[in-house]
1. Yes or no: His100 outside any loop (DSSP other than H, G, I, E, B) and under 27 Å from Phe457 (Cβ atoms)?
2. I'd like to know if region 316-324 contains one or more residues that are over 21 Å from the mean Cα position of the chain (by Cα) and within 19 Å of Cys418 (Cβ to Cβ).
3. Does Gln391 satisfy the condition of being more than 17 Å from Leu12 (Cα to Cα), touching a Ser or Thr at 6+ places or on another chain (Cβ under 7 Å) and of a type outside the set (A, V, I, L, M, F, W, C)?
4. So which of His300, His288, His276, His294 is closer than 27 Å to Phe414 by Cβ and either crowded, with 23+ Cβ neighbours inside 10 Å or touching a Lys or Arg at 6+ places or on another chain (Cβ under 9 Å) (or both)?
5. Name the residue that is surrounded by the most Cβ atoms within 10 Å (Cβ to Cβ), counting only residues in region 75-115 that are within 28 Å of Leu402 (Cα to Cα) and aliphatic (A, V, I, L, M).
6. If we keep just the residues of region 458-517 that are surrounded by 11 or more Cβ atoms within 10 Å (Cβ to Cβ) and of a type in the set (Asp, Glu), which is nearest to Met146 (Cα to Cα)?
7. When His249 is evaluated against the numbered criteria (1) modelled with pLDDT of 95 or more; (2) within 30 Å of Asn339 (Cα to Cα), which criterion, by number, is the only one it fails?
8. Output the helices (runs of 4 or more DSSP H) that fall wholly within region 420-517 and possess 3 or more residues being closer than 19 Å to Met134 by Cβ and touching a residue at least 24 places away in the same chain (Cβ under 8 Å), or say none.
Amino acid sequence: METPRMPDDQPLRRIVIVGGGTAGWMTAAPLGQLMGQGEHGARCEIVLIESPEIGTVGVGEATLPTIRFYNRTLELDSAEFIRKTQATFKLGIEFKDWGHVGNRFFHGFGEFGPAIQNRSSVMHWLRLHGLGGMDSHEHWSTATVMARHNRFVPPDGDVASAANAYSYAFHFDAGLYAAYLRDYAMARGVQREEGTIVDVSVRPGDGFVTAVTLADGRRIEGDLFIDCSGFRALLIEGVCRAGYHDWTHWLPCDSAQAVPCARVEPLTPYTMSTAHGAGWQWRIPLQHRTGNGHVYCSAHISDDEAGRVLMRNLDGAPLGDPRQLRFKTGMRRKAWDRNVVAIGLSSGFVEPLESTSIQLIMDGVGRLIELLPDRRCDRRLADEYNRRMTQQYESIRDFIVLHYKLTQRDDSEFWRYCAAMPIPDTLHHQIELFRQSGRVAILDPDSFAEPSWVSLFLGLGLWPQRHDPLLAQIDEQALRQHFQRLRQAIKQTVDAMPDHGAFIDRHVKAAAMEVAA
C-alpha cells in the first residue's frame, strides 16, 4: 500500500505582534524562547510593534498562582523577577462589605486540608458545622491563616503537611514586568519596531492580513498577526469585524479610576477588595507603593463622586491624581479569526475582581502555542482555540457575577439591581447545586477550582440545605479530632513563619526607586 503524501509544508516565516504592554511582551517572550533566534539564525521572525504615543491600561498588578508556572517555563530567576518588578507575595483576596455591610471573608489559594475518603475536606467540615460546634472554615485554610497574621514563606514542596497546603501568586508593577519581559524577548531574537499603525493590508478573497503600514511609511509583512492592541482591538475588530458579546447586563460596572499611594505598614500578603455603594475598590501592596482603584457603574455614581470615594479610602498619601478608565465587559465572538489572534484586552475584558486579566493572557498565549498553525491558519485550529477561550471566559464571567448576585445589600440602587438581575443558566446551576446538595460543579477545569467556589459561596452566605450522604459513614468524633489536629498543625506552622515584609527584606528586597504616578 502506498504511503499517502503529506501536504507541502508551509511554516510560519514571520509573526507580527501588534501592541506592547503586558499582553504584547507576555506573548513575545515565550514565542521568542521557542521560535526566535537559534544557533543557525532565526527559525521564525517575531516582530513586535508598539507606539510611544499610545499608553497602556497598566492596572493589572495582581495575579493568580499560575503566573509562577509561566515564569518557570521561561526559566526566569524568581528572585530577580521579584526585585525587577517591585513584587510582593499574594496568598489570596480579602473581601470587605461584600454580601452585606460589615461582612469580611477571605478567598485563599489552596485547599482546606487533605481529602478524606475521596471527598474534599471542606465537605466534611460542612457536615460537622451543621451538627454544631465548628469554627469558621477559614481556620483550615493555611493561606488564610497566614494572611490574617501577615506571614509568608514559600511552601515546602517535599512534605505533605500544613507547610505546603497553600499556594501563592504575586503583586507586581505591570509596567516593570512588561519591561522585564521585553528585555528577555529581545535577547532571544524578538525584534521591536516603534511606530503607529496607519493602514492594514488584506489579501483579496480570504481577507487574511498581509501587512501593516506605519506612519513613517514602513511596511511590515507577516504570516500570523497577534492583536495585543488593547481595547482598540485594531485588527480583530477594526479589520476582521469579529464582533463582541456584551455582558454589561450581568456585570454593569463600566468605569474605573486608579491611583497609587505611598506604601504603608504592615506589608500585607494579599489583595483587598472593598465593596462600595456602586462598585468596589482594590488595594494592591507593592514594595515601593500601593496600587488602588475604584471600579464602578457610571449609571449609579458620577465620576467626580467615584473619585472622592477612592481618595478618601486610601491608607497612604496619594502619589498623583486618579486616572480615568472606561470599559465594556464581554468578549470577542472570535478571538482567532483568519490569521489574526487577539490576546489580552483586545480579546475581551472581565473586571479585575479576581485578578484574571493576566491569567487570560497566559492561557491565550499557551493555547496559541499548542495550536500554532502554519501559513494556512487552518480554520479548525481557530475553532478549537475559540471554543476553549470562550469556555474559560464564560466560566470566569460566572465566577465574577457570583460576587454580585449573592448580595444581601439593599442600601443602593446598584446593589438592588445586582440582587434582582437574571444570571446565566450555567451560574444558576452551580448556585442551586451547592444550595441543594453541597456539591460544586466545575464547568471549566482551566478556571477556578472547588476551594475558590466554596470560599465565595460560604463567604457570601450561601449554605447547603443537604449534604452528601456518604459523609455520614465517618465517625463524627474521629472526624472532629482530625480537624482539631489539622487546625493545630496549621497554627504551629504559621506561628513559625516570618513576617511577610521581613521575608521580602531579607531575601528579595528591590532596589529603591523614584515613584511616579
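1. On the way: outside any loop (DSSP other than H, G, I, E, B): no; under 27 Å from Phe457 (Cβ atoms): yes.
For His100, the condition - outside any loop (DSSP other than H, G, I, E, B) and under 27 Å from Phe457 (Cβ atoms) - is not met.
2. No, every residue in region 316-324 fails to be over 21 Å from the mean Cα position of the chain (by Cα) and within 19 Å of Cys418 (Cβ to Cβ).
3. Numbers: more than 17 Å from Leu12 (Cα to Cα): yes; touching a Ser or Thr at 6+ places or on another chain (Cβ under 7 Å): no; of a type outside the set (A, V, I, L, M, F, W, C): yes.
Spelling it out, it is not the case that Gln391 is more than 17 Å from Leu12 (Cα to Cα), touching a Ser or Thr at 6+ places or on another chain (Cβ under 7 Å) and of a type outside the set (A, V, I, L, M, F, W, C).
4. Working: His300 fails: either crowded, with 23+ Cβ neighbours inside 10 Å or touching a Lys or Arg at 6+ places or on another chain (Cβ under 9 Å) (or both); His288 fails: closer than 27 Å to Phe414 by Cβ; His276 fails: either crowded, with 23+ Cβ neighbours inside 10 Å or touching a Lys or Arg at 6+ places or on another chain (Cβ under 9 Å) (or both).
Testing whether each residue is closer than 27 Å to Phe414 by Cβ and either crowded, with 23+ Cβ neighbours inside 10 Å or touching a Lys or Arg at 6+ places or on another chain (Cβ under 9 Å) (or both) leaves just His294.
5. Selected residue: Leu91.
6. Looking at residues that are surrounded by 11 or more Cβ atoms within 10 Å (Cβ to Cβ) and of a type in the set (Asp, Glu), I get Asp499.
7. Failing condition for His249: (2).
8. Details: elements: 425-437, 450-459, 476-495, 500-507.
The qualifying helices (runs of 4 or more DSSP H) are 450-459, 476-495.
The values are calculated or read from the model by the stated rules, or taken from the named source; none is laboratory data. Because the structure is a prediction, the values reported are computed rather than measured. Backbone-built Cβ (ideal geometry, glycine too); neighbour counts: all protein chains shown.
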